[in-house]
Structure formats: C-alpha cells, structure tokens
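Single-structure report; data block below.
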Amino acid sequence: MTDKFKNRTGRNMVQDIQNFIQYLHSEKQTSTNTEVSYERDLRKMREFLSAQGVEEAHNVKTTHLNAYIMYLEKAGRKPATISRSIASMKAFFHYLEKQHRIEEDPAEKLKAPKIEKKMPAILTTDEVTLLLEQPSGNTPKELRDRAMLELLYATGIRVTELISLKVEDLNLQMEYVVCNDGHKERIIPFGNVARDALKRYMEQGRPRLIEDEKCPWLFTNCTGQDMSRQGFWKLIKSYGKKAGIQTEITPHTLRHSFAAHLVSNGADLKSVQEMLGHSDISTTQIYSQMGQSHIREVYLKAHPRG
C-alpha cells in the first residue's frame, strides 16, 4: 500500500457509510427514501464482510463482494433486491475511490442479475370508480378517506407523500398540492371531483378529527395524530375488498392506475414523469408499454378475427 493510503486506514466502514450518506444528502441532494435504501443495503453488506473478518474498506476485494452476492442469491433474495444492493455497493466504493480512501474500486466490475420487468398491477377505470365510491358516508373518517383516495388518484402522488402533506401544501382555490421530499418540490394539479371531496373534508371532517387546531397534517388518523403508511394500506385494502375488486391492491395501485390511464388517454410522457416525480423518464415509459399491451389484449378479446 502506498503512503498516500496508509494514513487513511484504521477507520472502519461504519464511518465510511455515514460519510457517504451525508455526501448523498448534501452534495447529490438525494431523497430521504434513497438515502435510507442505500444505508440499509450497505449496512447489510458491512455485516456480511465483518463476519468474514473484513472491517475496513481498503481490504475489500471483488471476491468478497461476489461472495456477498452469492450469499444473497442463496438466501433467496429477488433479482431486483440484489441489483439494488449492487447499485448501492458500486456508488459507495466509487465514492471511496474518489475520496482516496481506497486505491481500487472492488465493485467496478460487478454485474447485476437480469431482471424481468413486471408490469405493475393497475385498476380499470370502472374499478377505480367503484373503489373511490366506497367511503360514501358523512362521518369524519369517511370524508377523510374519500378525500385521500380522490387526491391519490387525481395526482398520482406516493402514499408516503400523501400522508406527509401539511395543510399549507393544499391550495383548494387554485386546485393543486405541493409535494416536497426535502430536496425537490413538485406542484401537482387536481380536478373538480378531488377538490369537492377535499372541501367537504376540510369543512366537515378534519375539524372533528383533530384535537389540536395547530396540527399541521392535512390527513390524520382517527385520534388526530399523523397517519402511518401501514394504516393507509389497511384502509385501501378494506375498501378494495368491500368493492369486490379482485386485483391485489397495494399502496401504489392508484399511483400506477393514475399514470397508466393518463398515458392511455394521450398524455405526454414528460408531463406524466414530472407529476410522478420520476428522475428518469425510462421509469415512466413502462406505462406507455403497458398501454400498448392493453390495446393488444383488448384487440385479441374483442376482434372477431383476433
């Protein structure tokens, strides 16, 4: 090892990982979700390497990382999970090389497994209508649930973004919400139906749910506290079951349906990308492919010579 790197040893990977996450946050301005994902992947890698007696980054070889990948495969991890872990390792060791913490990047030649792209499950427009009509009463909870579902489908925002909205992020008069993940801000419009549901909730539902008038959250649980992602998932699944919808519903179902319905009705991909908050348009293109697949499916079922 050259003198250049000798004085950089003695610091274990825990500190290196913390510095890397801080670098992502301050220099790359990544989202909180991205940072949490990277940190989780790298922590698991470090635990594996530590068990092999490798404590410091400058001692990590490509063979160690390939052994970790094989370990993930034998543990039954999905190709998508393994690919994400490899991407995390590549970014981490590339950072260390640039910082002169290591002489060579051991992750440079790692190859990700091939991933078969699964089309996300979406609802038909009729199923969406059925789902959104389930909370039809005038109780504070039903007014809240109707407003949440309508807003989710009207904007395509993530569930995490939905439950993180504050009252100040909603502009009923101009019909838009502001989504902010800490680094990037998106202004997303919504239509009359969502506006009416939100107006009823704000006037008749929310005041009866919150205990403290200073509560900042737009949507709360039934005790006036901030809502959890799991709480919303249970809510939407129960309404899906009540509506008799056979398609498996996840927190992302309405987001996928929003995007697919927009694209199939002629919306341009760039606009949909901006509304969804995708950093890469290739992520949005799957909805275009889905549209073509759906057209083909309809043709085969309906055309007399299909």
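Report whether or not GLU39 is at pLDDT 95 or above, of a type in the set (D, E, K, R) and within 17 Å of the chain's Cα centre (by Cα). Criteria met by GLU39.
When restricted to residues that are touching a residue at least 24 places away in the same chain (Cβ under 8 Å) and among the hydroxyl-bearing types (Ser, Thr, Tyr), the range 51-97 contains 5. Applying the condition of being hydrophobic (A, V, I, L, M, F, W, C) and within 29 Å of LYS78 (Cα to Cα) to the range 117-128 and asking which residue is most open to solvent (accessible area, probe 1.4 Å) yields MET119. So is ASP105 outside any strand (DSSP E or B), under 30 Å from TYR23 (Cα atoms) and out of contact with any Lys or Arg (no Cβ under 6 Å at 6 or more places or on another chain) or not? It is true that ASP105 is outside any strand (DSSP E or B), under 30 Å from TYR23 (Cα atoms) and out of contact with any Lys or Arg (no Cβ under 6 Å at 6 or more places or on another chain). For the range 50-79, taking the residues that are part of a helix (DSSP H, G or I), within 14 Å of ASP16 (Cα to Cα) and touching a helix residue (DSSP H, G or I) at 6+ places or on another chain (Cβ under 7 Å), the one that is least open to solvent (accessible area, probe 1.4 Å) is identified as ALA57.
Here the helices (runs of 4 or more DSSP H) wholly within the range 129-231 that include at least 3 residues being open to solvent by 30 Å² or more (accessible area, probe 1.4 Å) and free of Cβ contacts under 8 Å to residues at least 60 places away in the same chain are 192-200. Would you check if THR124 is within 19 Å of VAL193 (Cβ to Cβ) and β-branched (Val, Ile, Thr)? Taking the combined requirement at face value, the residue satisfies it. Looking across the range 232-256 at every residue that is assigned to a loop (DSSP other than H, G, I, E, B) and not hydrophobic (A, V, I, L, M, F, W, C), the one that is modelled with the highest pLDDT is identified as GLY244. Within the range 27-45, restricting attention to residues that are open to solvent by 60 Å² or more (accessible area, probe 1.4 Å) and free of Cβ contacts under 8 Å to residues at least 60 places away in the same chain, the residue that is farthest from TYR71 (Cα to Cα) is GLU27.
The values are calculated or read from the model by the stated rules, or taken from the named source; none is laboratory data. It should be emphasised that the depicted structure is a prediction, and the values quoted were computed from it without experimental measurement. Cβ coordinates were reconstructed from backbone atoms using ideal geometry, including for glycine residues, and neighbour counts include every protein chain displayed. With ligands, DNA and RNA removed, areas are computed over all heavy atoms of the protein, side chains included. Shrake-Rupley method; radii C 1.70, N 1.55, O 1.52, S 1.80 Å.
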